[in-house]
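Everything on this sheet refers to the single structure shown next.
The values are calculated or read from the model by the stated rules, or taken from the named source; none is laboratory data. Predicted, not measured: the structure shown is a model, and the values here were computed from it. As a convention, Cβ positions derive from the backbone with ideal geometry for all residues, glycine included, and neighbour counts pool all protein chains shown. These area figures cover heavy atoms from the full protein model, side chains too; ligands, DNA and RNA do not enter into them. Shrake-Rupley method; radii C 1.70, N 1.55, O 1.52, S 1.80 Å.
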Amino acid sequence: MSNCDPADKLRNNRRLLLAMEAVGWFHMTGKARAAFLREQGGQKTGYEDRDWHKNENPPFPWDDLLDWARINFATVDSVDVKWPDTLTDFLTQHRGNDGCGLLGLLQAGHGMVSGIEKNLPPKKPSECLGQDATHLWLSSAFGQPVRHLLVNPPEVLTDAGWQALLTEIRRLLEELKSFGTQSSNDVAAWQRWREAAIGTGSRLRGAFSSTLAETRLPNNDVTLWDQSYVAAALFKSAVAGAVLKGNWTDNNLKQDTKWRLLTVGNGADHYESRAVRIGDWTGTRLALDDFFAQVQNLVEVDLAVGSLLYQDGSVAVFSFPATANQKKDDKIKDELQTWLQGEIDGFAHALGLGTPPHCQISEPTRTLVPMTAQVRQVKERLAVPLHRAWHIANSAGNSHVCPICLVRHTGRSNDKQEPCTPCKNRRRHRRDAWLDNRLGGDTIWISELADTNDRVALLTLSLDIEPWLDGSRLDALRTQAIPEWRQFNPTLSTKQKTTANPIQPDRPFASLVSYVKGKLGTYDNQDPVLQNLQAGCIASGGRPRSSSRSS
(Lines give C-alpha, C1' and ligand atoms only; values in the text may rest on other atoms or scores of the structure.)
Protein backbone atom coordinates (compact mmCIF):
# COMPACT_ATOMS: atom_id res chain seq x y z
CA MET A 1 0.00 0.00 0.00
CA SER A 2 1.21 3.50 -0.77
CA ASN A 3 -0.70 5.58 1.81
CA CYS A 4 -2.30 7.35 -1.14
CA ASP A 5 -5.85 6.21 -1.89
CA PRO A 6 -5.92 7.40 -5.55
CA ALA A 7 -2.61 5.64 -6.27
CA ASP A 8 -3.84 2.42 -4.66
CA LYS A 9 -7.07 2.57 -6.65
CA LEU A 10 -5.13 2.98 -9.91
CA ARG A 11 -2.83 0.07 -9.09
CA ASN A 12 -5.80 -2.15 -8.26
CA ASN A 13 -7.16 -1.46 -11.75
CA ARG A 14 -3.86 -1.64 -13.64
CA ARG A 15 -5.05 -4.55 -15.80
CA LEU A 16 -8.09 -2.61 -17.00
CA LEU A 17 -6.07 0.54 -17.75
CA LEU A 18 -3.39 -1.27 -19.73
CA ALA A 19 -6.00 -3.29 -21.62
CA MET A 20 -7.81 -0.11 -22.65
CA GLU A 21 -4.51 1.46 -23.71
CA ALA A 22 -4.00 -1.56 -25.98
CA VAL A 23 -7.48 -1.00 -27.44
CA GLY A 24 -6.34 2.53 -28.24
CA TRP A 25 -3.25 1.26 -30.06
CA PHE A 26 -5.26 -1.16 -32.21
CA HIS A 27 -8.57 0.65 -32.81
CA MET A 28 -7.46 2.17 -36.16
CA THR A 29 -5.67 -0.94 -37.45
CA GLY A 30 -7.86 -0.91 -40.57
CA LYS A 31 -6.01 2.18 -41.84
CA ALA A 32 -2.84 0.11 -42.32
CA ARG A 33 -3.96 -1.05 -45.75
CA ALA A 34 -3.28 0.18 -49.26
CA ALA A 35 -7.05 0.10 -49.92
CA PHE A 36 -7.57 2.77 -47.24
CA LEU A 37 -5.08 5.10 -48.93
CA ARG A 38 -6.61 4.50 -52.36
CA GLU A 39 -10.08 5.25 -50.98
CA GLN A 40 -8.79 8.45 -49.38
CA GLY A 41 -7.02 9.32 -52.64
CA GLY A 42 -10.26 9.35 -54.62
CA GLN A 43 -10.34 5.79 -55.93
CA LYS A 44 -13.70 4.33 -54.90
CA THR A 45 -12.60 0.90 -53.70
CA GLY A 46 -15.49 0.45 -51.28
CA TYR A 47 -13.05 -0.29 -48.45
CA GLU A 48 -14.20 0.71 -44.96
CA ASP A 49 -11.31 0.75 -42.51
CA ARG A 50 -13.59 0.31 -39.47
CA ASP A 51 -14.84 -3.04 -40.80
CA TRP A 52 -11.47 -4.62 -41.54
CA HIS A 53 -12.16 -7.51 -39.15
CA LYS A 54 -15.13 -8.64 -41.26
CA ASN A 55 -12.89 -9.29 -44.25
CA GLU A 56 -10.63 -11.77 -42.45
CA ASN A 57 -11.13 -15.47 -42.94
CA PRO A 58 -11.29 -16.88 -40.35
CA PRO A 59 -12.63 -13.79 -38.55
CA PHE A 60 -10.15 -12.03 -36.28
CA PRO A 61 -11.06 -13.07 -32.68
CA TRP A 62 -11.17 -9.53 -31.31
CA ASP A 63 -14.02 -10.13 -28.84
CA ASP A 64 -12.61 -13.45 -27.63
CA LEU A 65 -9.21 -11.97 -26.83
CA LEU A 66 -10.60 -8.99 -24.88
CA ASP A 67 -13.63 -10.43 -23.13
CA TRP A 68 -11.56 -11.26 -20.03
CA ALA A 69 -11.37 -7.53 -19.28
CA ARG A 70 -15.15 -7.11 -19.38
CA ILE A 71 -15.60 -10.19 -17.16
CA ASN A 72 -13.00 -9.14 -14.59
CA PHE A 73 -13.98 -5.47 -14.56
CA ALA A 74 -17.75 -5.55 -14.82
CA THR A 75 -17.60 -3.32 -11.74
CA VAL A 76 -14.95 -1.05 -10.24
CA ASP A 77 -15.32 -0.35 -6.52
CA SER A 78 -18.85 -1.83 -6.67
CA VAL A 79 -19.85 0.61 -9.43
CA ASP A 80 -21.01 -0.86 -12.75
CA VAL A 81 -18.64 -0.15 -15.62
CA LYS A 82 -20.49 0.80 -18.79
CA TRP A 83 -19.03 -1.53 -21.44
CA PRO A 84 -20.10 -1.33 -25.11
CA ASP A 85 -22.60 -3.95 -26.27
CA THR A 86 -19.80 -5.76 -28.08
CA LEU A 87 -16.07 -5.13 -27.85
CA THR A 88 -16.01 -4.82 -31.63
CA ASP A 89 -17.76 -1.48 -31.09
CA PHE A 90 -14.34 -0.09 -30.17
CA LEU A 91 -13.28 -0.74 -33.79
CA THR A 92 -16.46 0.36 -35.54
CA GLN A 93 -17.80 3.28 -33.48
CA HIS A 94 -14.72 5.20 -32.32
CA ARG A 95 -15.65 8.10 -34.65
CA GLY A 96 -19.14 8.41 -33.21
CA ASN A 97 -20.59 11.06 -30.91
CA ASP A 98 -23.18 9.19 -28.86
CA GLY A 99 -21.14 6.69 -26.87
CA CYS A 100 -21.17 6.52 -23.10
CA GLY A 101 -19.02 4.56 -20.71
CA LEU A 102 -15.79 3.17 -22.12
CA LEU A 103 -16.85 3.69 -25.74
CA GLY A 104 -17.54 7.37 -25.04
CA LEU A 105 -14.09 7.75 -23.50
CA LEU A 106 -12.48 6.21 -26.60
CA GLN A 107 -14.53 8.54 -28.79
CA ALA A 108 -13.27 11.48 -26.71
CA GLY A 109 -9.62 10.45 -27.05
CA HIS A 110 -9.94 9.64 -30.75
CA GLY A 111 -11.79 12.88 -31.48
CA MET A 112 -9.18 14.89 -29.62
CA VAL A 113 -6.34 13.44 -31.70
CA SER A 114 -7.94 12.71 -35.06
CA GLY A 115 -11.05 14.85 -35.24
CA ILE A 116 -9.79 18.28 -34.20
CA GLU A 117 -7.30 18.54 -37.06
CA LYS A 118 -10.20 17.85 -39.47
CA ASN A 119 -12.34 20.75 -38.23
CA LEU A 120 -12.11 22.33 -41.67
CA PRO A 121 -14.09 25.27 -43.04
CA PRO A 122 -17.22 24.62 -45.14
CA LYS A 123 -17.51 24.42 -48.93
CA LYS A 124 -15.65 21.14 -49.44
CA PRO A 125 -12.20 22.35 -48.30
CA SER A 126 -10.93 18.78 -48.34
CA GLU A 127 -11.00 18.94 -52.14
CA CYS A 128 -8.12 21.40 -52.13
CA LEU A 129 -6.26 19.78 -49.24
CA GLY A 130 -6.49 16.17 -50.33
CA GLN A 131 -3.79 14.23 -52.13
CA ASP A 132 -4.96 12.01 -54.96
CA ALA A 133 -3.77 8.43 -55.16
CA THR A 134 -1.08 9.27 -57.73
CA HIS A 135 0.63 11.74 -55.38
CA LEU A 136 0.18 10.12 -51.98
CA TRP A 137 3.36 10.90 -50.13
CA LEU A 138 4.55 10.30 -46.61
CA SER A 139 6.70 13.29 -45.65
CA SER A 140 8.78 14.57 -42.77
CA ALA A 141 7.41 17.11 -40.30
CA PHE A 142 9.14 19.84 -42.30
CA GLY A 143 7.68 18.86 -45.66
CA GLN A 144 10.50 16.74 -47.07
CA PRO A 145 9.03 13.91 -49.19
CA VAL A 146 9.99 10.55 -47.75
CA ARG A 147 8.08 7.89 -49.64
CA HIS A 148 5.38 7.50 -52.27
CA LEU A 149 3.22 5.04 -50.40
CA LEU A 150 1.42 3.45 -53.33
CA VAL A 151 4.34 3.40 -55.79
CA ASN A 152 6.94 2.31 -53.22
CA PRO A 153 4.80 0.72 -50.49
CA PRO A 154 6.19 -0.19 -47.07
CA GLU A 155 5.88 -3.78 -45.93
CA VAL A 156 2.68 -3.21 -43.97
CA LEU A 157 0.81 -2.16 -47.13
CA THR A 158 1.50 -5.53 -48.78
CA ASP A 159 -0.65 -8.60 -48.21
CA ALA A 160 2.21 -10.39 -46.43
CA GLY A 161 2.89 -7.37 -44.24
CA TRP A 162 -0.79 -7.09 -43.30
CA GLN A 163 -0.95 -10.73 -42.25
CA ALA A 164 2.26 -10.32 -40.22
CA LEU A 165 0.72 -7.30 -38.49
CA LEU A 166 -2.44 -9.21 -37.57
CA THR A 167 -0.34 -12.10 -36.26
CA GLU A 168 1.57 -9.67 -34.05
CA ILE A 169 -1.62 -8.02 -32.75
CA ARG A 170 -3.09 -11.41 -31.96
CA ARG A 171 0.08 -12.44 -30.10
CA LEU A 172 0.04 -9.23 -28.04
CA LEU A 173 -3.63 -9.65 -27.14
CA GLU A 174 -3.06 -13.28 -26.16
CA GLU A 175 -0.21 -12.24 -23.85
CA LEU A 176 -2.37 -9.46 -22.44
CA LYS A 177 -5.14 -11.98 -21.77
CA SER A 178 -2.67 -14.27 -20.02
CA PHE A 179 -1.47 -11.46 -17.75
CA GLY A 180 -4.96 -10.11 -17.18
CA THR A 181 -6.59 -13.37 -16.14
CA GLN A 182 -3.77 -14.11 -13.66
CA SER A 183 -4.33 -10.88 -11.70
CA SER A 184 -0.58 -10.30 -12.07
CA ASN A 185 0.92 -7.56 -9.89
CA ASP A 186 4.40 -8.00 -11.35
CA VAL A 187 5.10 -4.47 -12.56
CA ALA A 188 8.34 -5.53 -14.26
CA ALA A 189 6.47 -8.18 -16.30
CA TRP A 190 3.86 -5.65 -17.38
CA GLN A 191 6.62 -3.22 -18.33
CA ARG A 192 8.37 -5.86 -20.46
CA TRP A 193 5.10 -6.70 -22.23
CA ARG A 194 4.40 -3.05 -22.97
CA GLU A 195 7.94 -2.39 -24.20
CA ALA A 196 7.76 -5.42 -26.49
CA ALA A 197 4.41 -4.19 -27.80
CA ILE A 198 5.22 -0.54 -28.57
CA GLY A 199 8.95 -0.10 -27.91
CA THR A 200 11.21 1.47 -30.51
CA GLY A 201 11.97 -1.90 -32.12
CA SER A 202 8.45 -3.35 -32.00
CA ARG A 203 6.69 -4.61 -35.13
CA LEU A 204 3.51 -2.69 -34.35
CA ARG A 205 5.27 0.64 -33.98
CA GLY A 206 7.40 0.06 -37.07
CA ALA A 207 4.40 -0.88 -39.20
CA PHE A 208 2.17 1.99 -38.05
CA SER A 209 5.05 4.48 -38.41
CA SER A 210 5.48 3.60 -42.09
CA THR A 211 2.01 4.63 -43.28
CA LEU A 212 -0.39 7.54 -42.97
CA ALA A 213 -3.42 8.04 -40.77
CA GLU A 214 -4.35 11.34 -42.42
CA THR A 215 -3.89 12.00 -46.13
CA ARG A 216 -4.83 15.68 -46.36
CA LEU A 217 -2.21 18.40 -46.76
CA PRO A 218 -0.36 19.51 -44.75
CA ASN A 219 -1.00 16.44 -42.58
CA ASN A 220 0.98 14.03 -44.75
CA ASP A 221 3.51 13.66 -41.95
CA VAL A 222 0.95 12.31 -39.47
CA THR A 223 1.58 8.59 -39.36
CA LEU A 224 -0.85 5.98 -38.14
CA TRP A 225 1.43 5.51 -35.13
CA ASP A 226 1.21 9.22 -34.22
CA GLN A 227 -2.57 9.16 -34.02
CA SER A 228 -2.91 5.70 -32.49
CA TYR A 229 -0.38 6.25 -29.70
CA VAL A 230 -1.70 9.64 -28.56
CA ALA A 231 -5.34 8.51 -28.82
CA ALA A 232 -4.43 5.50 -26.68
CA ALA A 233 -2.68 7.75 -24.14
CA LEU A 234 -5.73 10.01 -23.81
CA PHE A 235 -8.11 7.03 -23.67
CA LYS A 236 -6.00 5.44 -20.95
CA SER A 237 -5.98 8.64 -18.87
CA ALA A 238 -9.71 9.14 -19.43
CA VAL A 239 -10.42 5.62 -18.14
CA ALA A 240 -8.13 6.35 -15.15
CA GLY A 241 -10.26 9.43 -14.47
CA ALA A 242 -13.41 7.33 -14.55
CA VAL A 243 -11.79 4.85 -12.13
CA LEU A 244 -10.99 7.68 -9.72
CA LYS A 245 -14.37 9.36 -10.15
CA GLY A 246 -16.53 6.24 -10.21
CA ASN A 247 -18.91 7.60 -12.87
CA TRP A 248 -19.32 5.55 -16.05
CA THR A 249 -22.83 6.50 -17.15
CA ASP A 250 -22.61 10.18 -18.15
CA ASN A 251 -24.58 10.50 -21.39
CA ASN A 252 -22.34 13.41 -22.45
CA LEU A 253 -19.13 11.62 -21.56
CA LYS A 254 -17.38 12.40 -24.84
CA GLN A 255 -18.14 16.11 -24.61
CA ASP A 256 -17.43 16.36 -20.86
CA THR A 257 -14.10 14.51 -20.85
CA LYS A 258 -11.01 16.61 -20.13
CA TRP A 259 -7.40 15.84 -19.39
CA ARG A 260 -4.48 17.25 -17.46
CA LEU A 261 -0.77 17.20 -18.25
CA LEU A 262 1.76 15.83 -15.78
CA THR A 263 5.19 17.40 -16.26
CA VAL A 264 8.29 16.15 -14.46
CA GLY A 265 11.58 18.03 -14.78
CA ASN A 266 15.13 18.04 -13.52
CA GLY A 267 17.76 20.76 -13.95
CA ALA A 268 19.90 19.03 -16.58
CA ASP A 269 21.53 22.32 -17.64
CA HIS A 270 23.21 22.66 -14.24
CA TYR A 271 24.93 19.29 -14.54
CA GLU A 272 26.17 20.10 -18.04
CA SER A 273 27.54 23.51 -17.03
CA ARG A 274 29.33 22.12 -13.97
CA ALA A 275 31.08 19.26 -15.78
CA VAL A 276 34.88 19.43 -15.59
CA ARG A 277 35.58 16.55 -17.97
CA ILE A 278 33.42 15.16 -20.72
CA GLY A 279 32.85 12.01 -18.66
CA ASP A 280 31.26 14.11 -15.92
CA TRP A 281 28.47 15.18 -18.25
CA THR A 282 28.03 11.95 -20.20
CA GLY A 283 27.90 9.93 -16.97
CA THR A 284 25.37 12.32 -15.45
CA ARG A 285 23.33 12.20 -18.66
CA LEU A 286 23.01 8.44 -18.22
CA ALA A 287 21.93 8.97 -14.59
CA LEU A 288 19.29 11.48 -15.73
CA ASP A 289 18.12 9.02 -18.37
CA ASP A 290 17.74 6.40 -15.63
CA PHE A 291 15.75 8.91 -13.57
CA PHE A 292 13.28 9.64 -16.38
CA ALA A 293 13.00 5.94 -17.19
CA GLN A 294 11.93 5.25 -13.60
CA VAL A 295 9.41 8.11 -13.70
CA GLN A 296 8.04 6.78 -17.00
CA ASN A 297 7.66 3.29 -15.59
CA LEU A 298 5.84 4.66 -12.53
CA VAL A 299 3.35 6.70 -14.58
CA GLU A 300 2.83 4.37 -17.56
CA VAL A 301 2.88 0.93 -15.94
CA ASP A 302 2.88 0.97 -12.13
CA LEU A 303 -0.01 3.46 -11.86
CA ALA A 304 -1.01 3.13 -15.54
CA VAL A 305 -2.44 6.63 -15.25
CA GLY A 306 -1.05 8.10 -18.46
CA SER A 307 1.54 7.85 -21.24
CA LEU A 308 4.55 9.88 -22.31
CA LEU A 309 3.66 12.63 -24.79
CA TYR A 310 6.88 14.65 -24.91
CA GLN A 311 10.42 14.38 -23.56
CA ASP A 312 13.68 16.27 -23.93
CA GLY A 313 16.80 16.30 -21.81
CA SER A 314 15.18 18.25 -18.97
CA VAL A 315 11.46 17.45 -18.84
CA ALA A 316 8.95 14.71 -19.60
CA VAL A 317 5.22 15.33 -20.15
CA PHE A 318 2.55 12.65 -19.62
CA SER A 319 -1.19 12.52 -20.19
CA PHE A 320 -3.11 12.68 -16.91
CA PRO A 321 -6.80 12.36 -15.99
CA ALA A 322 -9.22 15.08 -15.01
CA THR A 323 -12.68 14.30 -13.60
CA ALA A 324 -15.87 16.22 -14.23
CA ASN A 325 -16.38 17.09 -10.55
CA GLN A 326 -13.98 20.04 -10.27
CA LYS A 327 -13.89 20.15 -6.45
CA LYS A 328 -13.28 16.41 -6.16
CA ASP A 329 -10.85 16.51 -9.07
CA ASP A 330 -8.69 19.21 -7.46
CA LYS A 331 -8.50 17.20 -4.25
CA ILE A 332 -7.41 14.05 -6.13
CA LYS A 333 -4.94 16.06 -8.20
CA ASP A 334 -3.33 17.65 -5.14
CA GLU A 335 -3.09 14.31 -3.35
CA LEU A 336 -1.54 12.57 -6.35
CA GLN A 337 0.86 15.45 -7.03
CA THR A 338 2.15 15.40 -3.45
CA TRP A 339 2.56 11.63 -3.56
CA LEU A 340 4.23 11.68 -6.99
CA GLN A 341 6.64 14.38 -5.86
CA GLY A 342 7.74 12.16 -3.00
CA GLU A 343 8.19 9.17 -5.30
CA ILE A 344 10.30 11.01 -7.88
CA ASP A 345 12.34 12.62 -5.10
CA GLY A 346 13.17 9.08 -4.00
CA PHE A 347 14.34 8.20 -7.53
CA ALA A 348 16.60 11.27 -7.63
CA HIS A 349 18.07 10.57 -4.19
CA ALA A 350 18.83 6.96 -5.08
CA LEU A 351 20.72 8.12 -8.19
CA GLY A 352 22.70 10.72 -6.23
CA LEU A 353 21.33 13.70 -8.16
CA GLY A 354 22.34 16.97 -6.51
CA THR A 355 19.30 19.02 -7.56
CA PRO A 356 15.67 18.23 -6.72
CA PRO A 357 13.21 17.31 -9.47
CA HIS A 358 9.91 19.11 -9.90
CA CYS A 359 6.44 17.68 -10.54
CA GLN A 360 3.58 19.82 -11.89
CA ILE A 361 0.03 18.96 -12.99
CA SER A 362 -1.82 21.35 -15.30
CA GLU A 363 -5.36 22.62 -15.18
CA PRO A 364 -8.03 20.57 -17.04
CA THR A 365 -7.92 21.02 -20.81
CA ARG A 366 -9.51 19.70 -24.00
CA THR A 367 -6.39 20.35 -26.06
CA LEU A 368 -2.67 19.63 -25.89
CA VAL A 369 -1.73 23.19 -26.88
CA PRO A 370 -0.94 24.17 -23.23
CA MET A 371 1.88 21.61 -23.24
CA THR A 372 4.37 24.17 -24.57
CA ALA A 373 3.59 26.65 -21.79
CA GLN A 374 3.70 23.87 -19.18
CA VAL A 375 7.19 22.81 -20.31
CA ARG A 376 8.37 26.40 -20.23
CA GLN A 377 6.99 26.94 -16.72
CA VAL A 378 8.71 23.86 -15.34
CA LYS A 379 12.04 24.82 -16.91
CA GLU A 380 11.74 28.30 -15.43
CA ARG A 381 11.00 26.77 -12.05
CA LEU A 382 14.19 24.72 -12.35
CA ALA A 383 16.34 27.65 -13.52
CA VAL A 384 17.71 28.10 -9.99
CA PRO A 385 18.86 24.80 -8.44
CA LEU A 386 18.02 23.77 -4.89
CA HIS A 387 14.79 25.73 -5.11
CA ARG A 388 13.48 23.81 -2.10
CA ALA A 389 14.84 21.78 0.81
CA TRP A 390 16.96 18.92 -0.52
CA HIS A 391 19.04 16.57 1.56
CA ILE A 392 22.45 15.85 0.03
CA ALA A 393 23.83 12.44 0.93
CA ASN A 394 27.54 11.77 1.50
CA SER A 395 28.15 15.33 2.67
CA ALA A 396 31.12 14.87 4.96
CA GLY A 397 32.41 18.04 6.58
CA ASN A 398 36.03 19.20 7.14
CA SER A 399 36.96 18.47 3.53
CA HIS A 400 36.88 20.12 0.12
CA VAL A 401 33.66 20.54 -1.81
CA CYS A 402 33.42 18.43 -4.96
CA PRO A 403 34.56 20.56 -7.95
CA ILE A 404 31.87 18.98 -10.17
CA CYS A 405 28.56 18.92 -8.29
CA LEU A 406 29.55 21.74 -5.89
CA VAL A 407 27.22 20.33 -3.22
CA ARG A 408 28.93 17.27 -1.75
CA HIS A 409 32.13 17.14 0.28
CA THR A 410 34.84 14.82 -0.97
CA GLY A 411 36.04 13.50 2.38
CA ARG A 412 39.58 14.60 1.49
CA SER A 413 41.35 17.76 2.65
CA ASN A 414 44.50 17.58 0.54
CA ASP A 415 43.17 17.49 -3.04
CA LYS A 416 40.80 20.13 -4.36
CA GLN A 417 40.43 18.37 -7.73
CA GLU A 418 39.27 15.06 -6.29
CA PRO A 419 35.54 14.50 -7.05
CA CYS A 420 33.08 13.10 -4.55
CA THR A 421 32.18 9.41 -4.73
CA PRO A 422 28.95 9.76 -6.85
CA CYS A 423 30.65 12.08 -9.36
CA LYS A 424 33.71 9.79 -9.55
CA ASN A 425 31.44 6.84 -10.26
CA ARG A 426 29.70 8.77 -13.03
CA ARG A 427 33.03 9.40 -14.73
CA ARG A 428 33.47 5.65 -15.00
CA HIS A 429 29.78 4.99 -15.69
CA ARG A 430 29.90 5.49 -19.45
CA ARG A 431 33.10 3.46 -19.85
CA ASP A 432 31.70 0.61 -17.76
CA ALA A 433 28.43 0.71 -19.67
CA TRP A 434 30.34 0.43 -22.96
CA LEU A 435 32.44 -2.48 -21.63
CA ASP A 436 29.21 -4.23 -20.60
CA ASN A 437 27.82 -3.59 -24.12
CA ARG A 438 24.98 -1.49 -22.72
CA LEU A 439 25.55 1.47 -25.06
CA GLY A 440 25.10 -0.50 -28.28
CA GLY A 441 27.99 1.13 -30.16
CA ASP A 442 31.41 0.12 -31.40
CA THR A 443 33.17 3.03 -29.71
CA ILE A 444 32.64 5.68 -27.06
CA TRP A 445 35.12 8.09 -28.63
CA ILE A 446 34.57 10.81 -31.19
CA SER A 447 37.91 10.76 -33.03
CA GLU A 448 36.18 10.23 -36.37
CA LEU A 449 34.62 13.68 -35.96
CA ALA A 450 37.71 15.52 -34.74
CA ASP A 451 40.58 17.14 -36.60
CA THR A 452 44.16 15.85 -36.59
CA ASN A 453 44.69 17.37 -33.14
CA ASP A 454 41.57 15.68 -31.73
CA ARG A 455 39.74 18.99 -31.51
CA VAL A 456 35.99 19.18 -31.99
CA ALA A 457 33.87 22.27 -32.63
CA LEU A 458 30.26 22.24 -31.52
CA LEU A 459 27.78 24.37 -33.46
CA THR A 460 24.37 24.90 -31.91
CA LEU A 461 21.49 26.08 -34.09
CA SER A 462 17.97 26.72 -32.88
CA LEU A 463 14.55 27.37 -34.36
CA ASP A 464 11.97 28.97 -32.11
CA ILE A 465 8.85 26.91 -32.80
CA GLU A 466 7.11 27.51 -29.47
CA PRO A 467 4.86 30.33 -30.80
CA TRP A 468 3.53 27.88 -33.38
CA LEU A 469 3.07 25.09 -30.85
CA ASP A 470 1.18 27.22 -28.30
CA GLY A 471 -1.17 28.61 -30.95
CA SER A 472 -0.05 32.24 -31.00
CA ARG A 473 1.08 31.92 -34.63
CA LEU A 474 -1.51 29.42 -35.73
CA ASP A 475 -2.45 31.38 -38.85
CA ALA A 476 1.08 30.95 -40.18
CA LEU A 477 0.80 27.18 -40.34
CA ARG A 478 -0.77 27.23 -43.78
CA THR A 479 -0.36 29.85 -46.47
CA GLN A 480 -1.76 30.33 -49.95
CA ALA A 481 0.12 31.39 -53.05
CA ILE A 482 -1.89 34.47 -53.97
CA PRO A 483 -1.04 34.47 -57.71
CA GLU A 484 -2.12 30.84 -58.02
CA TRP A 485 -5.25 31.47 -55.94
CA ARG A 486 -6.22 34.30 -58.31
CA GLN A 487 -5.29 32.28 -61.40
CA PHE A 488 -7.42 29.27 -60.51
CA ASN A 489 -10.32 31.25 -59.04
CA PRO A 490 -11.55 33.61 -61.80
CA THR A 491 -14.98 33.48 -60.15
CA LEU A 492 -15.90 33.36 -56.47
CA SER A 493 -18.97 31.59 -55.11
CA THR A 494 -20.98 32.28 -51.99
CA LYS A 495 -24.30 30.87 -50.85
CA GLN A 496 -26.07 33.80 -52.49
CA LYS A 497 -24.33 34.16 -55.84
CA THR A 498 -21.29 33.70 -58.05
CA THR A 499 -19.31 36.79 -59.00
CA ALA A 500 -16.17 37.62 -60.92
CA ASN A 501 -13.02 37.73 -58.79
CA PRO A 502 -12.30 41.46 -58.19
CA ILE A 503 -8.59 40.87 -57.52
CA GLN A 504 -6.51 42.05 -60.46
CA PRO A 505 -4.65 39.09 -62.08
CA ASP A 506 -1.66 41.19 -63.19
CA ARG A 507 -0.91 42.47 -59.66
CA PRO A 508 -2.70 40.01 -57.35
CA PHE A 509 -0.77 40.63 -54.12
CA ALA A 510 -1.04 44.42 -54.10
CA SER A 511 -4.63 44.25 -55.30
CA LEU A 512 -5.59 41.78 -52.55
CA VAL A 513 -3.89 43.85 -49.82
CA SER A 514 -5.69 46.96 -51.00
CA TYR A 515 -9.02 45.13 -51.18
CA VAL A 516 -8.73 43.64 -47.69
CA LYS A 517 -7.67 46.99 -46.17
CA GLY A 518 -10.77 48.52 -47.67
CA LYS A 519 -12.92 45.96 -45.89
CA LEU A 520 -11.40 46.27 -42.43
CA GLY A 521 -13.55 49.17 -41.30
CA THR A 522 -16.89 47.59 -42.17
CA TYR A 523 -16.44 43.84 -42.17
CA ASP A 524 -18.89 42.08 -44.46
CA ASN A 525 -19.16 38.35 -43.71
CA GLN A 526 -20.89 37.86 -47.07
CA ASP A 527 -18.01 39.32 -49.05
CA PRO A 528 -16.93 36.71 -51.66
CA VAL A 529 -13.21 37.45 -51.37
CA LEU A 530 -13.13 37.24 -47.55
CA GLN A 531 -15.26 34.10 -47.56
CA ASN A 532 -12.99 32.28 -49.98
CA LEU A 533 -9.79 33.38 -48.27
CA GLN A 534 -11.06 32.21 -44.89
CA ALA A 535 -11.98 28.84 -46.33
CA GLY A 536 -8.46 28.48 -47.68
CA CYS A 537 -9.89 26.68 -50.66
CA ILE A 538 -8.63 26.62 -54.23
CA ALA A 539 -11.05 25.61 -56.94
CA SER A 540 -10.75 22.30 -58.74
CA GLY A 541 -7.59 22.23 -60.79
CA GLY A 542 -5.70 24.56 -58.44
CA ARG A 543 -2.47 23.65 -56.74
CA PRO A 544 -2.42 24.53 -53.06
CA ARG A 545 0.91 25.50 -51.61
CA SER A 546 1.08 24.63 -47.93
CA SER A 547 3.80 25.30 -45.44
CA SER A 548 4.83 22.30 -43.38
CA ARG A 549 3.49 21.89 -39.89
CA SER A 550 6.01 22.33 -37.13
CA SER A 551 6.51 19.25 -35.02
Those residues that are of a type outside the set (A, V, I, L, M) and either within 19 Å of residue 19 (Cβ to Cβ) or buried (at least 17 other Cβ atoms within 10 Å of the Cβ) (or both), I need them from the stretch 88-103; list them, please. 88, 89, 90, 92, 93, 94, 99, 100, 101
Cβ contacts < 6 Å: first residue within 18 Å of residue 307 (Cα to Cα), restricted to the stretch 15-33; second residue of a type in the set (Val, Ile, Thr) and buried (at least 24 other Cβ atoms within 10 Å of the Cβ), any location; separation 6+ or different chain. Result? 17/239; 20/239
Within the stretch 44-58, is there a residue that is more than 25 Å from residue 229 (Cβ to Cβ) and open to solvent by less than 50 Å² (accessible area, probe 1.4 Å)? no
Here the residues within the stretch 134-161 that are over 25 Å from the mean Cα position of the chain (by Cα) and buried (at least 19 other Cβ atoms within 10 Å of the Cβ) are 161
For the stretch 168-179, enumerate the residues that are within 26 Å of the chain's Cα centre (by Cα) and either open to solvent by less than 10 Å² (accessible area, probe 1.4 Å) or hydroxyl-bearing (Ser, Thr, Tyr) (or both). 169, 172, 173, 176
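Conditions (1) at positive phi; (2) touching a residue at least 60 places away in the same chain (Cβ under 8 Å); (3) assigned to a helix (DSSP H, G or I), marked per residue:
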residue	(1), (2), (3)
53	no, no, yes
59	no, no, no
91	no, yes, yes
102	no, yes, yes
109	no, yes, yes
What pairs come up if the first residue lies in the stretch 249-277 and is in a loop (DSSP other than H, G, I, E, B), the second is open to solvent by 30 Å² or more (accessible area, probe 1.4 Å) and acidic (Asp, Glu), and their beta carbons are under 9 Å apart, counting only those six or more places apart or on different chains? 249/80; 250/256; 251/98; 257/250
Pair list, Cβ under 6 Å, 6 or more apart: the stretch 63-86 residue outside any helix (DSSP H, G or I), other residue open to solvent by 70 Å² or more (accessible area, probe 1.4 Å) and polar (S, T, N, Q): 82/249
The lone exception for residue 516 - which of (1) modelled with pLDDT under 85; (2) surrounded by 11 or more Cβ atoms within 10 Å (Cβ to Cβ); (3) not charged (D, E, K, R) it fails: (1)
Looking across the stretch 208-261 at residues that are among the acidic types (Asp, Glu) and more than 17 Å from the chain's Cα centre (by Cα), the single one that is surrounded by the fewest Cβ atoms within 10 Å (Cβ to Cβ) is 256
Scan the stretch 67-77 and tell me whether some residue there is surrounded by 15 or more Cβ atoms within 10 Å (Cβ to Cβ), closer than 21 Å to residue 208 by Cβ and hydrophobic (A, V, I, L, M, F, W, C). no
Residues that are open to solvent by 70 Å² or more (accessible area, probe 1.4 Å), of a type in the set (D, E, K, R) and assigned to a helix (DSSP H, G or I): does the stretch 17-35 have at least one? no
Of all residues in the stretch 189-207, count the ones that are crowded, with 19+ Cβ neighbours inside 10 Å and over 19 Å from residue 166 (Cβ atoms). 2
Restricting the search to the stretch 1-57, which residues are within 19 Å of residue 73 (Cβ to Cβ) and of a type in the set (Val, Ile, Thr)? 23
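Tell me the helices (runs of 4 or more DSSP H) entirely within the stretch 389-496 that contain at least 1 residues that are at pLDDT 70 or above, surrounded by 13 or more Cβ atoms within 10 Å (Cβ to Cβ) and hydroxyl-bearing (Ser, Thr, Tyr). Steps first, answer last, please.
Details: elements: 421-435, 466-469, 482-487.
Because the criterion is at least 1 residues that are at pLDDT 70 or above, surrounded by 13 or more Cβ atoms within 10 Å (Cβ to Cβ) and hydroxyl-bearing (Ser, Thr, Tyr), the helices (runs of 4 or more DSSP H) in the stretch 389-496 that meet it are 421-435.
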Within the stretch 335-370, restricting attention to residues that are buried (at least 16 other Cβ atoms within 10 Å of the Cβ) and of a type in the set (Asp, Glu), which residue is nearest to residue 8 (Cα to Cα)? 343
Near pairs, Cβ below 7 angstrom, 6+ apart or cross-chain, from the stretch 410-428 (of a type in the set (Val, Ile, Thr)) to any residue that is at pLDDT below 80 and open to solvent by 90 Å² or more (accessible area, probe 1.4 Å): 421/394
